[in-house]
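Reviewing the structure listed below.
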Amino acid sequence: MGLAAREARARVNALRSLARGLLAPPHDHVVAARAAGTFYLVGGVFIAVLSLTISEYARDVLAAELTMAAAFIAFGVLAWARPRAVPAWGLVLLPVVAVVLIVWMNHATRDTSTGSQLFALWPVLYAGMFLRAPQAAAVVVVVGAAEAWLLFTLMPASKAVADLAGIIVTMAISCGLLVFLRAREHTLRRALARQAMEDQLTGLPNRRAVDAAVDAALEGQSPGVPVSLLTLDVDLFKGINDTGGHHAGDETLRRIAGVLDRNVRHGDFVARLGGDEFVVLLRACDAPAARAVAESLRTAVAGEMGGVTISVGVATTVAGDGATATDLFRASDEALYASKQAGRNVVSGAPVVGRQGTPGEA
């Protein structure tokens, strides 16, 4: 392929990427559709009332404005009643359509007052709140182009330039501020969601994350695929706290978390349940392989922690056999209890009994 052809293909790919970005769906379809419906509904009612109370409009202009008001109201009702009926690309184009219609109405009525120009702020606010940043920027550009056409056709150039500059600056700042605040909100939400699923002491996933992961593993695997759960408990942990204080206990838990995280297989899920108890979720791992992983973890902790050991309980089931996350946790806890009874620093297994009443793999 020649240089010219590669450059042409690169330009085509860039245009496709730009088009996908400009037509990407809003983050929340239902909320965006109902917000657009609210803008159109209120705008339609306002246009209808304004048109009927101002007598100097020409008959053809009055008829056009009332038709537009009726269309706005009809769309607003539809968007509220059936938000999913509004296509995603339609939500992106709605503010552009609104800008064009607002500027057309102002041109038809030869109205360049500040009040009439403020209506263009509505689609800008919608774009800044509900559309992606490139789409919001595109709406501001459309507003600037439409207002330039309106002002330069109805006003002296010197005044048009001043008014247009004020409009563009106002729209750009308003839209940019909303986009920034929305991005900040998303960042904070993600941080809160991450904190809600993370153990603050060790940095591992917490009990809430474990529950979700086990449910997803049992429901997401193909029938017959094994799923194993290891429950690990630090042996004689109370003595560590009593001897060295809670700081020593916390440091021990952090170090054990690091050992476990470094020694599991790629894709395995390590988490802290609470206290001195950890779990490891092993997807697509049968009972013998799960016991081998448990033994390797027990050996790694004993070798790296200088006298601190763990006991491990192993439970295995297969996706689709009727076992629930509760069944898997219960069996793993029973196996852990057996390891404690056997003298600690031991790996034990237990069967899983599912809702169908059949034992799973031990």
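Count of region 288-328 residues, restricted to those that are in a loop (DSSP other than H, G, I, E, B), among the small types (Gly, Ala, Ser) and under 15 Å from residue 225 (Cβ atoms), is 4. Just one of the listed residues (259, 179, 169) is on the phi < 0 side of the Ramachandran plot, surrounded by 12 or more Cβ atoms within 10 Å (Cβ to Cβ) and either small (Gly, Ala, Ser) or out of contact with any Gly (no Cβ under 6 Å at 6 or more places or on another chain) (or both), and it is 259. Taking the listed residues 32, 70, 63, the one that is under 28 Å from the mean Cα position of the chain (by Cα) and in the same structural domain as residue 134 (by TED's automatic domain parsing) is 32, with no other qualifying.
For residue 142, state whether it is over 18 Å from residue 44 (Cα atoms), touching a residue at least 12 places away in the same chain (Cβ under 8 Å) and assigned to a helix (DSSP H, G or I). Yes, satisfied. Of the helices (runs of 4 or more DSSP H) entirely within region 152-269, those holding at least 1 residues that are over 29 Å from the mean Cα position of the chain (by Cα) occupy 157-196, 237-263.
Restricting attention to region 196-226, the residues that are polar (S, T, N, Q) and either assigned by TED's automatic domain parsing to the domain that holds residue 136 or surrounded by 11 or more Cβ atoms within 10 Å (Cβ to Cβ) (or both) add up to 3. Scanning region 109-139 for residues that are touching a residue at least 24 places away in the same chain (Cβ under 8 Å) and either among the basic types (Lys, Arg) or farther than 22 Å from residue 37 by Cβ (or both) yields 109, 110, 112, 117, 132, 133, 134, 137.
The values are calculated or read from the model by the stated rules, or taken from the named source; none is laboratory data. Every value quoted in this text rests on a predicted model; they were computed, and no experiment measured them. Reconstructed Cβ throughout: ideal geometry from the backbone, glycine too, with neighbour counts over all protein chains shown.
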